[in-house]
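The next block holds one structure in the form of structure tokens; read it before the comments.
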Amino acid sequence: MNNRIFIFDTTLRDGEQVPGCKLNKKEKIELALELEALGVDILEAGFPISSPGDFDAVNEIAKLVKNATVCGLSRAVQKDIEVAAEALKPAARKRIHTGIGTSDYHIKAKFNSTREDILQRAIQCVKWARNFTDDVEFYAEDAGRTDNEYLARVVEAVIAAGATTVNIPDTTGYCLPHQYGEKIAYLINNVPNVDKAVLSCHCHNDLGLATANSIAGVIAGARQIECTINGLGERAGNTSLEEVVMILKQHQSTLGFHTNINARQLNPMSRKVSETMRMPVQPNKAIVGANAFSHSSGIHQDGFLKDTQTYEIIAPEEVGAESSKIVLTARSGRSALAYRFQKLGYAFTRNDIDVLYEKFLQVADTKKEVSDDDLVALATAHQPIPVEA
Ligand code: KIV
Ligand code: ZN
């Protein structure tokens, strides 16, 4: 089986649905070009029927993006698909993403329908989309809570109708990683024509499992991950692009997967998305949070200063982050203090550091973080201890 994992970025669609993250056309185009430069394989640019503004943005992106496939979302509605196709017309590579809810919750509550009817509507929407492009992705919304046997029937039928990618969304972020992995494995083992399409993971983060579920999905045989920068997306968000890319990279020797993403662009891209969407990144966010490469406790700092690999599995430059930081707090130790003094140009002896450390703790207990200015004040007030002959 091919070990290339396709990265389908939906920052501009699922990410942009987040309240407060709405982008204007110029911002969307700017981000689309940056995402293309990052190396995403498929770029979901929007939901063209949702508003004239989104139609225009998708249309402009379709004109400008050359290397990534540009994708537009639609419901299983003929007009949606026609409008998506129109918006995507100028694209060098285009994909229509269409689909319908397949769980009994969706079939009954949303559509007041039956499994048979939904199956026919799924087939029909793929056929409509195939009139405009050979690259059609079908989504089985709420696949995470869809009965596997029925889901397999839907997947088989949409592939037979011409879907080339089948998205298995855990729309509500319900599944446990082993359940999501088993769902993908079930489809691989029970859908006779599954080799004619790529299975895709689209996981939401309601239980904080979106990344774990996507990884379980590719281990089980899916070959596309749908994700967003900074994990933005409906409610608790989607799988975070930077996390899955770095998991696959870090574990390449055991999992054997690779992506086309330029990891050095991950931090610059995260900052750009955060600023443009006006959505701060939590400091402890993996890979791109402000504290992802900060060390503040004495035990960690001492180990890190002896060998960075004791407390860092990724070098910050590998993901385009600023160099690792030794942060001074009341939990820091003498080696960190000596290191920070050294960085400021002070070479104190061990005895000096012992004396300075007591004074440092007095300052540290009064504030969250001890700054360079505080250190200079401590160093200036200190009377160096004469070195014995
Ligand atoms: O979460 C979901 O199911 C979706 C689909 C529209 C793909 O975003
Ligand atoms: Zn989604």
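Past the 27 angstrom mark, what percentage of all C-alpha to C-alpha distances in the chain do you count? When every Cα pair of the chain is considered, 54 percent fall beyond 27 Å. Using the 1.4 Å probe convention, the accessible area of the chain works out to 45 Å² per residue with neighbouring protein chains retained.
Relative contact order, whole percent, for the chain stands at 13, derived from Cα pairs under 8 Å and 6 or more residues apart.
What would the Debye equation give as log₁₀ I(q)/I(0) for the stretch 295-386 at q = 0.14, 0.23, 0.24 Å⁻¹, counting only Cα atoms as equal point scatterers? Listed by q, the Debye log ratios stand at -0.51, -1.17, -1.25. If the label point is 7 Å along Cα→Cβ of LYS22, which residues in the stretch 34-60 have backbone nitrogen under 18 Å from it? Output list for this probe position: 46-58. When a 1.4 Å probe is rolled over the protein heavy atoms, the share of accessible surface on the chain that falls to carbon and sulfur comes to 51 percent. Given springs between every Cα pair under 10 Å in a Gaussian network model of the chain, which of SER240, SER200, SER274 has the largest fluctuation? Checking each option, the largest mean-square fluctuation is seen for SER274. Take the Cβ atoms of THR310 and GLU369, set R0 to 30 Å, and the FRET efficiency comes out at 0.85. Could you tell me how many degrees, from 0 to 90 and to the nearest 10, lie between the Cα long axis of helix 334-343 and the main elongation axis, the longest principal axis, of the Cα atoms of the chain? Approximately 90 degrees, to the nearest 10.
Can you return the aspartates and glutamates within cross-link range of LYS343? Criterion is Cα-Cα under 15 Å, with same-chain partners fewer than 8 residues away left out. Answer for LYS343, where 15 Å is the Cα cut-off: ASP372, ASP373, ASP374, listed by chain and number.
Between helix 148-161 and the chain there is an angle of about 70 degrees, using the helix long axis and the longest principal axis of the Cα atoms. For LEU207, the solvent-accessible surface computed with a 1.4 Å probe is close to 110 Å², ligands and nucleic acids excluded. For the pair the stretch 276-313 and the stretch 177-228, the centres of their Cα atoms are 30 angstrom apart. Of ILE314, ILE225, ILE123, the residue with the greatest mean-square motion in the GNM of the chain, using alpha carbon springs below 10 Å, is ILE314. Counting only trypsin sites (Lys or Arg not before Pro) that DSSP places in a loop and that have at most 11 other Cβ atoms within 10 Å, the longest clean stretch of the chain runs over 67-277. Taking all protein chains as they are arranged and a probe of 1.4 Å, the heavy atoms of THR254 leave approximately 110 Å² accessible to solvent. Between GLN120 and GLN362, the modelled labels are 8.4 nm apart [label points 7 Å from Cα along Cα→Cβ].
For the pair THR329 and ASN190, what calculated FRET efficiency results from E = 1/(1 + (r/R0)^6), where r is the Cβ-Cβ distance and R0 = 45 Å, to the nearest 0.05? Intermediate results must be reported in sequence, preceding the final value.
On the way: r = 54 Å, r/R0 = 1.21.
In this case the efficiency is close to 0.25.
A Förster radius of 30 Å, combined with the Cβ-Cβ distance separating ASP206 from HIS251, puts the computed FRET efficiency at roughly 0.75. Could you compute the net charge surrounding ALA57? Neighbours are other residues with a C-beta less than 13 Å from the C-beta of ALA57; K and R count +1, D and E count -1. Neighbour charge sum, excluding ALA57 itself: -1.
Among residues other than VAL370 whose Cβ falls under 15 Å from its Cβ, what is the net charge (Lys/Arg +1, Asp/Glu -1)?
Local net charge: +2.
The values are calculated or read from the model by the stated rules, or taken from the named source; none is laboratory data. What you are looking at is a predicted structure, and each value in this text was computed from that prediction instead of being measured. When we count neighbours, we look across all protein chains shown, and the Cβ atoms used for this are built from the backbone with ideal geometry, even at glycine. Side chains are part of the model used for accessible areas, which takes the heavy atoms of the whole protein and leaves out ligands, DNA and RNA. Shrake-Rupley method; radii C 1.70, N 1.55, O 1.52, S 1.80 Å.
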